[in-house]
1. Say each of residue 74 and residue 60 gets a label point 7 Å from the Cα, pointing the same way as Cα to Cβ; how far apart are those two points in nm?
2. Any idea what angle helix 24-34 forms with the longest principal axis of the chain, computed on alpha-carbon atoms, 0 to 90 degrees, nearest 10?
3. Restricting to Cα pairs below 8 Å that are 6+ residues apart, what does the relative contact order work out to for the range 25-147? Please round to a whole percent.
4. Rounded, prolate or oblate, given the Cα gyration tensor of the range 1-75, with a/c below 1.5 counting as rounded?
5. Using +1 at the C-beta of Lys and Arg and -1 at the C-beta of Asp and Glu, which of 13, 34, 62 has the Cα lying farthest in the positive direction of the dipole of the range 1-97?
6. For residue 136 and residue 36, calculate 0.36 nm times their separation in residues minus their Cα-Cα distance, and state this gained length in nm to one decimal.
7. So, in Å, what gap is there between the alpha-carbon centers of the range 98-129 and the range 1-60?
8. Once label points are set 7 Å from the Cα along Cα→Cβ at both residue 9 and residue 116, what is their separation, rounded to one decimal in nm?
Amino acid sequence: MALEFDRSILGQVFDETDFPPVEKADLLRFAAALGETNPLYTDEEAATNGPYGGLVAAPTYVTRLRPKKMAPEHMPRFGKVGFDGGRDVEIFSPVRPGDRLKMVSTIHDIYEKTGRSGSMYFIVLRNEITNQDGQKIAVVDHRIMQR
């Protein structure tokens with residue numbers, strides 16, 4: 001049976017979130033919470049001589065950002081139970097202290113997989129993150145599994 005839903009919802013923006021400027025202290029706390037030891041993320045003085053010319057966020061920093069709306073109001077439902085199906089993160093540019101980040105969220109894809117326990121339906125919510133200059137920082141695809 002073919003997966004049926006209104007395909008016009010794919011790619012439509014359901015949320016835009018502007019974040020306050022990134023603070024150096026937040027980047028350092030995030031790195032410490034990860035147990036990060038790379039001086040690019042933990043030591044402002046050492047990072048000055050690094051490839052980015054200063055302190056930058058650990059690459060997974062963008063996964064802590066949350067949109068105002070976690071899901072579209074009219075997200076399709078394919079079952080009674082839904083849970084986190086994982087994330088894919090693609091990093092394009094580092095996050096720096098002072099950056100003002102913006103996240104634009106869309107329904108990127110909907111697909112079905114069949115496993116031993118039956119059909120599973122995946123909704124992929126895409127969050128594209130840019131900085132104040134419009135430079136693409138990251139794309140985070142969050143999968144929600146329903147059955």
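Please treat every number below as a calculation from the coordinates, not as lab data. What you see is a predicted model; the values in this text were computed from it and never measured. Don't worry about glycine lacking a Cβ; one is built from the backbone with ideal geometry, like all the others, and counts go over all protein chains shown.
1. 3.7
2. The angle comes out near 60 degrees.
3. After rounding, I find 24 percent.
4. Numbers: a/c = 3.26, a/b = 2.77, b/c = 1.18.
Because a/c hits 1.5 or more and a/b exceeds b/c, the range 1-75 counts as prolate.
5. Positive-end residue among those listed: 13.
6. Details: separation 100, 0.36 × 100 = 36.00 nm, distance 2.41 nm.
Here the answer is 33.6 nm.
7. Rounded to whole Å, the Cα centres lie 18 Å apart.
8. Simple spin-label model gives 3.1 nm for this pair.
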